[in-house]
Amino acid sequence: MNATTDATPQTLLSMRRISKRFGATQALSDVSLDAYAGHVLALIGENGAGKSTLMKILSGAHKPDSGEMLLNGQPFLPAGPHAARTAGVAIVYQELNLAPDLSVEDNVMLGMEQSRFGCVRTTAQRKQVSAALDLLGHPQLTPDRRVGGLSIGAQQLVEIARALVSNARVVVFDEPTSSLPQQDVKRLFEIIRRLQSQGIAIIYISHFLEEIREVADQYLVLRDGQMAGAGRLTDSSDANIVSLMVGRDVDTLFPEVPHSVGEPVLRVAELTGRKSPQSVSFEVRKGEIFGLFGLVGAGRTETLRHVFGLDRAVAGSVTVNGRLYPPRPSARIQSGLGYVSEDRKGEGLAQALSIEDNLTLSRLKPYAKVGLLGWKNRRQTARQWMQQLRVKALHPGQTVGKLSGGNQQKIAIARILHQQAEILLLDEPTRGIDVGTKADIYRLMGELAAAGKTIIFVSSYVPELMAVCDTIGVMSKGRLLDVRSVSQWTETDILSVAISS
Amino acid sequence: MRAEVESISMSGDQEEGSTRWWSFLQSLGPLLALVIVTLGFAMADQYWGEGHFSELRNVRVILVQAAPVAVAALGMTLIIISGGIDLSAGTASALCATVLASLLASECSGSFAVAMTLLAGAACGLTNGLLIGLLRIPPFIVTLGTMTIFLGIGKRIAGGSTVFVPSPPDWLPSLVATMPPDWFGWIPNIASGVWLAVGIAILVAVVLHYTVLGRHLFAIGSNESTAVLCGVNILKTKVIVYALAGLLIGIAGIYSFSQGKMANPVEGIGRELKFIAAVVIGGGSLSGGRGSVLGTLAGAAIMGVISSGCAQLEVKNSTQDIMIGTIIIAAVTLDQFRIRRANLD
């Protein structure tokens, strides 16, 4: 990183040649990072590039295999998150870690309670909390409010207040805007500038380039656990940074597979759930790849879950090839739908079961003879799918949990292909997987569409939607606001519809 | 590219052989523990005891005592694999024994009484399954409730005292006879109840590994959301598994009646913990998704060996309890250690 042009910025945090390995995956190799007082460093990279591992090492949640860290020039190797926090490193996580039933004050001081003889020193503590909240300047934030009743944006500020009371010198923001409405984003940026002026070093993790340009001074790009590039934002173009992130030409990442679009096969009308979706209507045609974009919480996942019958709809209908089916996954599977969950660990796959078990679970009938299951056929089928989708695994009996994210995703997709789904509902299928596998999945989607399958592709990453889809719909707050064919959209159009309310 | 794919699958076959062999070895862990515990007692008995432990007669006693625990624990294995638990198994088995005893006492035919007993067991399980599936209350809570309910029903049937049956049909006591007749020269003369338990174990193993139901149980236990997503009917599967387990508990009730030609509903209190212990010693995971027939059988046998061995050595009952408790903790610790190691690979 070249910072010598600046008027001698003070290096607060320095991470040197950090490496970390989890089993067979090298999560980080030789990554170095410098954060300067009063500066904002953007940490950029795709999901799975190693950003969160690096931050977990900084917070003491993981130990590095090699490399060293210096905080204020002193060697720094926190034993755990609490040690890191007392040393002056605070992290504001994407998923908020708050106790919803406690008050704002209790949350802010959790683990840092000021006490004398085991009793909380209420007045001293209140003073400290109030000072922090004043700096944040949000009307909803008073020390006695119950945190569970606050908006997401205000909850995030509680996390920031936590960083402030611990006298943090380095504050990390982990994709802070991914779930925020527009006005809260503006407020957040103001707060970041205020922290900056107090001489705090800020690390800002995001993959929205526009945001990064607005708040950050320097950038560091990670790809597959390695440093792909670093420098000053004013010195590099967007295209430059994107190619550093992706590591290859856009053409080879998104292989174009020609496919043609036919008659409508799936019709969703006025679909309404308890909270979201809100009266969502659209139709998807045979051989079409239909993209669904929105920020976190926009209701894309909920829409897919309702279409698949996982959640009960309050109103509206889902018609497949002109027929209605009962709102149960088993019936929807019969209608030709297949769903790949965004949450591979929690829902998508049974991590402790074997590849063949996961792959065939949704369609075991063909293997049952007189009620008894044949193992050989199942193993054979699993092996065929593994070869077809180029799954890297030892054998079909291997536990799914031991595969990499990308290979797990291929098994999840193989399952709905094996269950002979004609309409594939793919929820963030490329999240958290390596670039090579991403390209595989994009190509597979194209090939499936060319073979007459229909795909609904939910994603938070606009470039992949623009490259792969025929049609894109944009959701916000549970509503489907706009559906256009891909040629009618620009990246900025999509974003501005997504953040409009 | 083709060459690459082939090379992957080639090396895969070799690896496959070795990991399968390894996982087979690991499944033998509880059996190994059984062998060690048995050898330990046999040697201790040679030194300090009267050397009766390793006599064939004592082996028969151990098997006959372990059989009812094993049968009920097999049902518990199914439930635990599906991620559930059945705390009512103990009082339900005593309830079944009470039903059998009172029917026989009122001069019903033996086969009718046994049929009703099995029905009672299945009904207990069905109740648990329906409550868990329909009310969506955790199995722990539901069966905590039905545990007491079954105890109450049993007491009502028994009329507040032990039900004696002076002369039940001969084949009932012979289920658990310690000196069974010599049927065929080439089959060791072990009580019919032990053979029945072996037969049931084979059936349960078939259900677990060669039926759709078995796959669904493992899937629900290891990740219920995934099972839902794959269109598995959770309610139906749960009701079936609890009812099946109930049937096995009914059989365990028949054994327990046969051992003393009497039944008392209060005897069932705490018995469920033995069943659960057998599953856990055998490598079953209380968080679901794991458990094996062979392991559970070994678990039941280990407890049988310990109680018999301690009796032979005239070790106090209290020491026995402490030993079994220690083995449970040791088994789970070893298992966790193994899983952690496996996850590091």
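The values are calculated or read from the model by the stated rules, or taken from the named source; none is laboratory data. Predicted model, so just to flag it, every value in this text is computed and none were measured. Ideal geometry is used to build each Cβ from the backbone, glycine not excepted, and the neighbour counts take in all protein chains shown. Side chains included, ligands, DNA and RNA excluded: accessible areas come from the protein's heavy atoms. Shrake-Rupley method; radii C 1.70, N 1.55, O 1.52, S 1.80 Å.
Which peptide among A:337-343, A:198-204, B:317-323, A:288-294 comes first, and what is the full order, when sorted by highest mean count of other Cβ atoms within 10 Å?
Working: A:337-343: 23.1, A:198-204: 21.6, B:317-323: 12.6, A:288-294: 26.0.
For the peptides A:337-343, A:198-204, B:317-323, A:288-294, the packing ranking is A:288-294, A:337-343, A:198-204, B:317-323.
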Shielding of A:341-351 by partner chains, average beta-carbon count, 10 Å: 4
To the nearest 20 debye, the stretch A:11-247 has a Cα-centred charge dipole, built from +1 on Lys and Arg Cβ and -1 on Asp and Glu Cβ, of 660
Two pseudo-spin positions, 7 Å from Cα along C-beta at B:His209 and at B:Trp171, lie apart in nanometres by 3.0
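May I ask for the Rg/Rh ratio of the stretch A:397-501, computed from Cα atoms with Rh as the Kirkwood radius, given to two decimals? Before the final figure, lay out each step's value.
Numbers: Rg = 15.0 Å, Rh = 15.0 Å.
Ratio value, two decimals: 1.00.
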Residue-averaged [θ]222 nm for chain A, counting only DSSP H segments that reach four residues, each worth -39500 (n - 2.57): -9500 deg cm²/dmol
Only Lys, Arg (+1) and Asp, Glu (-1) charged, at Cβ; the stretch A:1-151 dipole about Cα centre in debye: 300
Kirkwood Rh, Cα atoms: Rg over Rh of chain A: 0.99
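Which percent of the accessible area of the protein assembly as shown is formed by carbon and sulfur heavy atoms (probe 1.4 angstrom)?
Numbers: 21420 of 37540 Å².
For the protein assembly as shown, the apolar C and S fraction of the accessible surface comes to 57 percent.
Under the classification rounded if a/c is under 1.5, otherwise prolate if a/b is larger than b/c and oblate if not, where does the stretch A:31-153 fall, given a ≥ b ≥ c as square roots of the Cα gyration tensor eigenvalues? Write out the running numbers ahead of the final one.
On the way: a/c = 2.08, a/b = 1.60, b/c = 1.30.
Prolate shape, in that a/c is at least 1.5 and a/b is the bigger ratio.
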In degrees from 0 to 90, rounded to the nearest 10, what is the angle of the helix A:375-388 Cα long axis to the longest principal axis of chain A? 70
Cut-off 11 Å between beta-carbons: net charge of the residues surrounding A:Glu422, Lys and Arg +1, Asp and Glu -1: +2
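If you wrap a convex hull around the C-alpha atoms of the protein assembly as shown and split its volume per residue, what is the figure in Å³? Walk me through the numbers before you get to the answer.
Working: hull volume 183.3 nm³, N = 846.
Dividing the Cα hull volume of the protein assembly as shown by its residues yields 217 Å³.
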Could you calculate, for the stretch B:256-345, the ratio of the Cα radius of gyration to the Kirkwood radius, expressed as Rg to Rh? 1.06
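Find how much the distance from A:Ser151 to A:Ser281 grows on full extension, using 0.36 nm per residue of separation minus their present alpha carbon separation; answer in nm with one decimal. List each step's numbers first, then the result.
Details: separation 130, 0.36 × 130 = 46.80 nm, distance 2.80 nm.
Gain on stretching A:Ser151 to A:Ser281: 44.0 nm.
Go through B:32-38, B:300-306 and give me the packing order, highest mean Cβ count within 10 Å leading.
On the way: B:32-38: 16.9, B:300-306: 25.1.
Ranked from most to least packed, the peptides come out as B:300-306, B:32-38.
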Gyration tensor on Cα atoms of chain B, a ≥ b ≥ c root eigenvalues, a/c under 1.5 rounded, else prolate if a/b beats b/c, else oblate, says oblate
How many Cβ atoms of partner chains, on average, are near each residue of B:73-86 if near means within 10 Å of its Cβ? 0
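Distance check, please: which entries in A:Lys286/A:Lys365; A:Lys345/B:Lys274; A:Lys392/A:Lys438 exceed 24 angstrom between their Cα atoms? The partial results should precede the final answer.
Values: A:Lys286/A:Lys365 27 Å; A:Lys345/B:Lys274 34 Å; A:Lys392/A:Lys438 14 Å.
Going by Cα-Cα distance, A:Lys286/A:Lys365; A:Lys345/B:Lys274 fall outside the 24 Å limit.
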Any idea what log10 I(q)/I(0) is at q = 0.07, 0.11 Å⁻¹ for the stretch A:11-247, Debye with uniform C-alpha scatterers and no solvent? -0.23, -0.56
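What FRET efficiency comes out for A:His82 versus A:Arg267 if R0 is 45 angstrom and r is the Cβ-Cβ distance? Round to the nearest 0.05.
Values: r = 54 Å, r/R0 = 1.19.
For A:His82 and A:Arg267, the calculated efficiency is 0.25.
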Any idea what angle helix B:110-135 forms with the longest principal axis of chain B, computed on alpha-carbon atoms, 0 to 90 degrees, nearest 10? 50
On C-alpha positions alone, give me the angle between the axis of helix A:435-450 and the longest principal axis of chain A, in degrees, nearest 10. 30
Give me the accessible area buried between chains A and B, both sides summed, with a 1.4 Å probe, in Å² rounded to the nearest 100. 2700
Give the shape of the stretch B:237-284 as rounded, prolate or oblate, defined through the alpha-carbon gyration tensor: a ≥ b ≥ c are the square roots of its eigenvalues, a/c under 1.5 means rounded, and otherwise the shape is prolate if a/b is larger than b/c and oblate if not. oblate
Sorted by packing (mean other beta-carbon atoms within 10 Å per residue), highest first, where do B:212-221, B:102-111, A:442-451 land? B:212-221, A:442-451, B:102-111
Accessible surface, per residue, of chain A when the full set of protein chains is kept, probe 1.4 Å, Å²: 42
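How big is the dipole moment of chain B about its Cα centre under a simple scheme where the beta carbon of each Lys and Arg is +1, that of each Asp and Glu is -1, and everything else is neutral? Debye, nearest 20, please.
740
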Give me the base-10 log of I(q)/I(0) for the stretch B:210-264 at each q in 0.23, 0.25 Å⁻¹, Debye formula, one uniform scatterer per Cα, rounded to two decimals. -0.82, -0.92
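What 222 nm value per residue comes from the helices of chain B, counting each DSSP H run with n ≥ 4 as -39,500 (n - 2.57) and dividing by all residues, nearest 500 deg cm²/dmol? All intermediate terms of the calculation are to be shown ahead of the outcome.
Numbers: 14 runs with 262 residues, N = 345.
It lands at -26000 deg cm²/dmol.
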Give me the Å³ per residue figure for the convex hull around the C-alpha atoms of the stretch A:158-237. 114
For the stretch A:330-386 and the stretch A:136-162, what is the separation of their C-alpha centers, rounded to whole Å? 45
Which of the listed residues, A:Ile202, A:Ile44, A:Leu233, is farthest toward the dipole's positive end in the stretch A:11-247, when Lys, Arg count +1 and Asp, Glu count -1 at the beta-carbon? A:Ile202
Apply 1/(1 + (r/R0)^6) to the Cβ-Cβ distance of A:Thr492 and B:Leu31, taking R0 = 41 Å, and write down the FRET efficiency to the nearest 0.05. 0.05
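Report the calculated FRET efficiency for B:Gln46 and B:Lys316 (r = Cβ-Cβ distance, R0 = 25 Å), to the nearest 0.05. Numbers along the way, then the final one.
On the way: r = 21 Å, r/R0 = 0.83.
Once the sixth-power term is evaluated, E becomes 0.75.
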How many lysine pairs are close in the stretch A:11-247, with Cα atoms under 22 Å apart and the two 8 or more places apart or on different chains? 4
Chain-alone versus full-assembly comparison, the stretch B:213-227, residues with accessible loss of at least 10 Å² (1.4 Å probe): B:Arg215, B:His216, B:Phe218, B:Ala219, B:Ser222, B:Asn223, B:Ser225, B:Thr226
